[in-house]
1. Filter region 86-112 down to the residues that are of a type in the set (Lys, Arg) and crowded, with 16+ Cβ neighbours inside 10 Å and list them by number.
2. Give GLU84, GLU93, GLU97, GLU106 a once-over and let me know the one that is acidic (Asp, Glu) and touching a Leu at 6+ places or on another chain (Cβ under 6 Å).
3. Scan region 1-27 residue by residue and report those that are open to solvent by less than 10 Å² (accessible area, probe 1.4 Å) and in a loop (DSSP other than H, G, I, E, B).
4. What residue, of GLU84, GLU42, GLU106, is at pLDDT below 95 and part of a helix (DSSP H, G or I)?
5. Return the residues of region 71-85 that are farther than 14 Å from ASP58 by Cα and buried (at least 17 other Cβ atoms within 10 Å of the Cβ); say none if nothing qualifies.
6. (1) in contact with a Lys or Arg (Cβ under 9 Å, 6 or more places away or on another chain); (2) at pLDDT below 95; (3) within 17 Å of PRO178 (Cα to Cα): which one isn't true of PHE60, the others all being true?
7. Among (1) open to solvent by 10 Å² or more (accessible area, probe 1.4 Å); (2) touching a Ser or Thr at 6+ places or on another chain (Cβ under 7 Å), where does ASN165 come up short?
8. Could you run through region 185-214 and say how many residues are among the small types (Gly, Ala, Ser) and surrounded by fewer than 18 Cβ atoms within 10 Å (Cβ to Cβ)?
Amino acid sequence: MNKVYVNAGFALKHLLFDGMFIAAGGFGLCGIPELLIDAIREAGAKDLTIASNNCGVDDFGLGVLLKTKQIRKMISSYVGENAEFMRQYLSGELELEFNPQGTLAERMRAGGAGIAGFYTKTGAGTVVAEGKEQKIFNGEIYVLETGIVADLSIVKAWKADTSGNLVFRKTARNFNPPAATCGKICVAEVEEIVPIGSLDPDQIHVPGIYVHRLIQGQHEKRIEQRTVRAAA
């Protein structure tokens, strides 16, 4: 089975539909599947629900789908640095479900592992717990969170072999592995595709069994911010 596609548009062909649920990898602007996001914008699928740590910035990453008003709901941990996100949310145009970062990552991992739900102390006693089942374990309150199973996962990796085994580079690993596993279909964009057998099995972060389609492309290397320390 050939998993390698010529570009993002072809890789997403016949997979997109209005109202679908997408899990997207990345953290801030690091390790985001920018080519696949642009292809979703070009395809015009709308009323999307997207689970992702954040929603990019106004002109990059998932922010471009906000600009075209293709997103109906975000399931996220952090939504700063995006003025259009704030505007749409405050005006009631965008639905938002906040998740603590660890909870969101575990929800994706659980969905990929076939686990329907799990209990966590994170969020107990806050608005995060409202409307959710809660139980007491060892005298402490835990909140029931459900696993995420998306219609489609989009992720970005450093390398892949032609069977879909993925390797992420340093911090770009972030939310990408759990996002990759929780989709019914996973499409990955990578910087380099190598022959089967080229990757050290011990260095593979996501096995190819989870990955259905691959593209290779050129990616923009953006830096979110620079920290400067004043001289003593």
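The values are calculated or read from the model by the stated rules, or taken from the named source; none is laboratory data. Everything numeric in this text was worked out from a predicted model, so none of it was measured. Ideal geometry is used to build each Cβ from the backbone, glycine not excepted, and the neighbour counts take in all protein chains shown. Each accessible area value is taken on the protein alone, full model and side chains, heavy atoms only, with ligands, DNA and RNA left out. Shrake-Rupley method; radii C 1.70, N 1.55, O 1.52, S 1.80 Å.
1. Within region 86-112, ARG107, ARG109 qualify.
2. Being acidic (Asp, Glu) and touching a Leu at 6+ places or on another chain (Cβ under 6 Å) holds for just one of GLU84, GLU93, GLU97, GLU106, which is GLU84.
3. Answer for region 1-27, where residues must be open to solvent by less than 10 Å² (accessible area, probe 1.4 Å) and in a loop (DSSP other than H, G, I, E, B): LEU12, MET20, GLY25, GLY26.
4. Matching residue, one of GLU84, GLU42, GLU106: GLU84.
5. Answer for region 71-85, where residues must be farther than 14 Å from ASP58 by Cα and buried (at least 17 other Cβ atoms within 10 Å of the Cβ): MET74, ILE75, SER76, SER77.
6. Unmet for PHE60, out of (1) in contact with a Lys or Arg (Cβ under 9 Å, 6 or more places away or on another chain); (2) at pLDDT below 95; (3) within 17 Å of PRO178 (Cα to Cα): (3).
7. Condition not satisfied by ASN165: (2).
8. 2
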